[in-house]
Structure formats: structure tokens, C-alpha cells
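Visitor: This is the structure I want to talk about, given as C-alpha cells.
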Amino acid sequence: MQASLPGLDPARLASALADPELLASGTGLTLRVRLMSGAEGLDIVLDAGLPQAQPMRGEAEIALEAPAATWLGVFAALPPPGSQSFTALQLKNPEARLAGDPLRIAQARAFLERLLELLRPALPAVAPAPRDLSGITGRYRTLRSEEGPFDIFVEEAGQGIPVVLLHTAGADARQYQALLADPALTARHRLIAFDAPFHGRSSPPLGWDGGAYRLTQARYLDWVRAFLRDIVREPAVLVGCSMGAAITLVAAAEIPELLRGAIALEPPLRAPGRRNPFLAHAAVATGLHNAAYVRGLMSPSSPEAQRRRAGWIYAQGGPGIYAGDLSFYSDEFDGSLIGPRIDTARVPLQLLTGEYDYSAPPEQGEELARLIPGAVFRRMPGLGHFPMTEDPDHFLRYFRPALEAVTTVRQSAD
């Protein structure tokens, strides 16, 4: 059929509907999705997961409508922030209107994310730099928290100044493997990343009753304090992303004696709205859904293979863990209260935010920096919410100077 949506290339649409990942993401779906701009548009019809493009007719279970200018941005090789993904259009683009049963939207999220990703022109392929992970050692350690001991999995590489890396909500320490495999970093730093209790390779304790998991600020700070005190055993640079950035700011305010510097990646001021009832829902394939929910936060210029890997970590998360983490990140944390309590003379602080992040957008990082005298903020063009995973080569151009800055300031002070 002739595509009838502004900026949509019919040949690209035909190719998209045969994409292996798109077909896998629609397995079992029977659905009519409508993409519209005024009276123009088309339907994507899935019959037992096999998609076809058809003229608009009848009723559609899901309808996404936007002005022509918005669709032109969506179908650009580099969409503007807010138009880079289906979930960005749904949550953060005021020009787009999404209609449909929320459950059906959740069930189709992985398909819709991949579909819009495929309908924009492919950027020139950039092969990620090869990385040798054989220098990373991994072993289990005992985290002796106030609530009891946890067996946690820890990855480590390099020697020198300790740098502790905290993963995002619902994820695990694999997000930092590119950093642990970077010779320029490991030559001078002891990089340490751990899977928080209940995450990744850190299993729940045997005494857990199987009920709903919920993270609080006090609980998370207790885990970080115990790790720094008992496992690292010397002041460290603390680096966290997203949820990890939030607790990094809390730690800088609450336990500065255990830190020699801090870097907050994608730091929120506040992040309401990340909670989603379908992150842990019996009627939704949450592995597919949650991976797609975070994939929409990434930069369209990040290599596709790396974006896919970043989402894969979320596809493997334990049931309810991502949702439980958001109790802290999205409901409890308030940077306007924590930020002014940070003394950057004791804990030098750098804030880094990717331009495509709509969970903790650059404007929030800038506002946090204004609330924290001495904090340094830097916007990272071409990156999204998971910079160390979605495009580590690009990210390291920002991270290496930030790490150098916080360690140099502390060494000068000492």
C-alpha cells in the first residue's frame, strides 16, 4: 500500500514489517494500530503476531495521532528529544495523542518501540570498540546490612583509587562492563560494580517470603554504606546512574566521610511518573515490556546493538524488582531537599546528563547544580538515560574528564 503519513518512506515501512526483532516482539498479538496525522494515516494490523500495513478502516485498538511536523521529526534520522521513541511520544511529547486500552498498549509496547525505531533512516553504522572483558574478575561477597546479610555479586578491575559504580533501577552491574574493560581507567583506578540485593546475580536472601519488593532511601543508603565500609574499606569515588545517581547524592550528603568524590549520571531532581502499573503485571510479558520501556529513553544515535544490550538487562530482571526500585527513585527521592546539604568541599561532585533523557532531563541536572554550590554540570549531546551502556565509546569522552576532575580536586585538598 502507499504510505500516507508525513515523512514516512513506503520502502522503509515494507522493510520494517519483515524485521526479525519486530516479528519476535509481536509474538501472539492480534491488534490493529493506527498512526495518524489529521485525516491521513495507516493501520498496522497484527494477526497472531504477523504485521501488515493497511488503509485506515473501522476501529483501531491503539491510535497514535500527531501533527505533520511531529511525524517529520519522528521519521528523521536524528529525531529531536521527545520524538525519538514511542514511549517518548506517549509520555513527554505534548503534540502526540495516544488512545487505547492501557493494558493493550503495554502488551504492544515492545512492538511499537521497535516499529518507530525502524521507520526512521538508519544512521551510518559505527562498530563499537572491541573490549576484552577477561580482565574483569567477579565473585560473591557478603553485604552486612542492618536488615541482615546478603550474598551479592561484585565485578572488579584495575588498581588505584577505588571507584564504586551503582547501576540503574531494575538493572545490574553489567551496565558498567565497558568501563571495567577500559585500560585508560583501570591503569589508575580500582573499578568496582556490584549487583544490589535482589538484582542480577545477587539473589534474594533465603529468608525472603516472596512478597512484593520495595526499595526505600534508607534501605538503599544502608546497602551503599555497608559496601563502602566493609568491602571497599577506604574512601571511594561513588558513581551512580539514574536511581544510582539519586543515592549517590544522598550518600554525598549523609556519609561524606566514606567518599572522596562523586559523579551522578542522569541525576533526577524529582522523577514522578516513571512508575507504571504494567512493570509488574500478570497480563503483560514484563521482560518484553520493561526492556522496551527503557529503550525509549536512549539516544537514536547510540549503536543499535548497544541499545539492544542495554534493554536485554531489563528483560532479565526479577519480577517486580524494577517497579519496587521506582518506589525510591520516582516516589521518594527529592533532589531539592538533598542537594543543598551536599558540601562539595568535602565531596567534589560532577553531574552528567544525556540530551535524550526524559526521565531525568538535562534541565533537572542544571537545576540540581544550581542547588549545590561547587557542583559541575555537563550536558552530553547524543546520549540518553543509559550512557555507559548504550554508547560507552561516546560516554567515555565525558566520563574520563569528570573522574579526573573529582579525583584531582580531592588530591589537591588533601
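The values are calculated or read from the model by the stated rules, or taken from the named source; none is laboratory data. Given the structure is predicted, the values throughout are model-derived calculations rather than measurements. All Cβ positions, glycine included, derive from the backbone under ideal geometry; neighbour counts span all protein chains shown. What goes into the accessible areas is simple: the full protein's heavy atoms, side chains included, and nothing from ligands, DNA or RNA. Shrake-Rupley method; radii C 1.70, N 1.55, O 1.52, S 1.80 Å.
Visitor: Let me make sure I get this right: for the stretch 78-159, a, b and c are the square roots of the gyration tensor eigenvalues over alpha carbons, sorted descending. Under 1.5 in a/c it's rounded, otherwise prolate if a/b > b/c, else oblate. Which is it?
Guide: Taking the square roots of the gyration eigenvalues as a ≥ b ≥ c, the stretch 78-159 is oblate.
Visitor: Can I ask one more? What number comes out for accessible area per residue over the stretch 158-308 if the probe is 1.4 Å? Units Å², please.
Guide: 31
Visitor: By its C-alpha gyration tensor, with a ≥ b ≥ c as the square roots of the eigenvalues, how is the stretch 228-331 shaped: rounded for a/c under 1.5, else prolate for a/b larger than b/c, else oblate?
Guide: Prolate is the answer for the stretch 228-331, as a/c is 1.5 or above and a/b outweighs b/c.
Visitor: Working with all protein chains in place, sort 203, 242 by solvent-accessible area computed with a 1.4 Å probe, largest first.
Guide: 203, 242
Visitor: Order the following by accessible area, largest value first: 140, 213. Probe radius 1.4 Å; ligands, DNA and RNA are ignored. Intermediate values should be presented prior to the final figure.
Guide: Working: 140 130, 213 20 Å².
Largest to smallest exposure gives the sequence 140, 213.
Visitor: Further question on the same structure: If you take the beta carbon distance between residue 151 and residue 39 as r and set R0 to 60 Å, what does 1/(1 + (r/R0)^6) give as a FRET efficiency, to the nearest 0.05?
Guide: Details: r = 60 Å, r/R0 = 1.00.
Efficiency, from the Cβ-Cβ distance: 0.50.
Visitor: Please report the carbon-and-sulfur percent of the accessible area for the chain; probe 1.4 Å, protein heavy atoms only, DNA, RNA and ligands left out.
Guide: The value for the chain is 53 percent carbon and sulfur by accessible area.
Visitor: Take each complete run of DSSP H in the chain, measure how far its Cα atoms stretch along the helix's own axis, and keep only those covering 30 Å or more with mean Kyte-Doolittle hydropathy at least -0.5; list them.
Guide: 392-413
Visitor: For residue 103 and residue 343 in the same chain, what is the full-extension length gain: residue separation times 0.36 nm, less their Cα-Cα distance, in nm?
Guide: On the way: separation 240, 0.36 × 240 = 86.40 nm, distance 4.53 nm.
Residue separation times 0.36 nm, minus the Cα-Cα distance, leaves 81.9 nm.
Visitor: What's the center-to-center distance, using Cα atoms, between the stretch 1-69 and the stretch 87-117 in Å?
Guide: 13
Visitor: Once label points are set 7 Å from the Cα along Cα→Cβ at both residue 125 and residue 47, what is their separation, rounded to one decimal in nm?
Guide: 3.4
Visitor: Continuing with this model, one more query. For the chain, what is the Kirkwood hydrodynamic radius in Å, using each pair of distinct C-alpha atoms?
Guide: Radius from the Kirkwood sum: 22.0 Å.
Visitor: Work out, step by step, the length gained on full extension between residue 188 and residue 27: first 0.36 nm times the residue separation, then minus their alpha carbon distance; give nm to one decimal.
Guide: 53.2 nm
Visitor: A follow-up question, please. Roughly how many Å is it from the Cα centre of the stretch 125-154 to that of the stretch 206-261, as a whole number?
Guide: 15
Visitor: Run the simple label-point estimate for residue 308 and residue 69 please: 7 Å along Cα→C-beta, distance reported in nm.
Guide: Using points 7 Å along Cα→Cβ, the separation is 3.6 nm.
Visitor: Suppose only helical runs count, i.e. DSSP H with n ≥ 4. What mean residue ellipticity at 222 nm does that imply for the chain under -39500 (n - 2.57) per run, divided by all residues and rounded to the nearest 500 deg cm²/dmol?
Guide: After summing the helix terms and dividing by residue count, I get -9500 deg cm²/dmol.
Visitor: Pop a pseudo-label 7 angstrom from the Cα along the beta-carbon direction at both residue 139 and residue 19 and give the gap in nm to one decimal.
Guide: It is 4.4 nm.
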